[in-house]
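Structure record follows, encoded as structure tokens.
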Amino acid sequence: MREQALLHGAVYSQVRIEKLDKDGDVFLARGGPHRFAARSVLLATGVSNHRPDMDEVTHGQALSRGLLRYCPICDGYEVTDQRVAVLGTGAHGYKESIFLRSYTSDVTLIAPDGRHALSADEETGLRAAGINLLEGPCTAFLLGEDGLEIALPGGHHRFATLYPALGSTIHSQLAVDLGAEASGDGCLVVDSHQRTSVPGLYAAGDVVLGLDQISHAMGEGGVAATTIRNDLAQASPLRR
């Protein structure tokens, strides 16, 4: 896709943008010694999932083998009728466990740091759904031939796969610093055409409030690109 874009005159730069300013109708993106000026900016900066406390090698191997997964919306069907653990508590842990319960009857919610922080209604809902509750802290993650073993104060427990529900960091600060409207957790609020509350600034993908999924993000990117083209054309109509 990058080669196709370059073929049609796009410029590709791999730079970490540290600041985004706006002077009138022009944006200035800054990263180290680099400066980029533009009339429109599309942010597709996404999110970073908070990881369980495991080293990089173990994390990479677990992820590649399907022993560790981050998106039940994307691949929950792959763990149908398997023994699944969710690492988390509170609202994040509750929602992810209940979601996965539609794929398997063997779901365990593990508090990562100690005791669970669940409301009375959340705990009642989990128990009614037959979801097991275990308390941490998790002292080790061991990869086996047929699963992932988690060491807890009460002993070792083996699961077919683990879903962390530890929240995420939304990479929206560039837009928020410009005054763009965001949700309480930092996701950017956009209209039906991917416009943020800052004129000329658009956003697509996981950084936007809504469903975090690749196909959805690609669709938003297509909507944003078309909107940018149309908005620019309206601001500067073509003339003979």
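Find the residue count for the range 133-181, including only residues that are under 30 Å from residue 19 (Cα atoms) and free of Cβ contacts under 8 Å to residues at least 60 places away in the same chain. Matching residues across the range 133-181 total 5. Restricting attention to the range 210-224, the residues being surrounded by 19 or more Cβ atoms within 10 Å (Cβ to Cβ) and farther than 14 Å from residue 74 by Cα number 2. Evaluating residue 76 against the criteria (1) in contact (Cβ under 8 Å) with a residue 60 or more places away in the chain; (2) within 13 Å of residue 162 (Cα to Cα); (3) assigned to a helix (DSSP H, G or I) leaves one unmet condition, (1). Scan the range 4-18 and give yes if some residue there is surrounded by 13 or more Cβ atoms within 10 Å (Cβ to Cβ), of a type in the set (A, V, I, L, M) and under 30 Å from residue 119 (Cα atoms), otherwise no. Scanning the range 4-18, I find no residue that is surrounded by 13 or more Cβ atoms within 10 Å (Cβ to Cβ), of a type in the set (A, V, I, L, M) and under 30 Å from residue 119 (Cα atoms), so the answer is no. Within the span defined as the range 56-67, one or more residues are of a type in the set (Lys, Arg) and either touching a residue at least 24 places away in the same chain (Cβ under 8 Å) or surrounded by 11 or more Cβ atoms within 10 Å (Cβ to Cβ) (or both).
Considering the conditions (1) in a loop (DSSP other than H, G, I, E, B); (2) acidic (Asp, Glu); (3) at pLDDT 95 or above; (4) farther than 15 Å from residue 43 by Cβ, residue 231 is excluded by exactly one of them, (1).
Checking residue 11 against (1) assigned to a loop (DSSP other than H, G, I, E, B); (2) in contact (Cβ under 8 Å) with a residue 60 or more places away in the chain; (3) of a type in the set (A, V, I, L, M, F, W, C): exactly one of these is not met. Which one? Tallying (1) assigned to a loop (DSSP other than H, G, I, E, B); (2) in contact (Cβ under 8 Å) with a residue 60 or more places away in the chain; (3) of a type in the set (A, V, I, L, M, F, W, C), residue 11 fails exactly one: (2).
The values are calculated or read from the model by the stated rules, or taken from the named source; none is laboratory data. Values in this document were obtained by computation on a predicted structure and should not be read as measured data. Backbone-built Cβ (ideal geometry, glycine too); neighbour counts: all protein chains shown.
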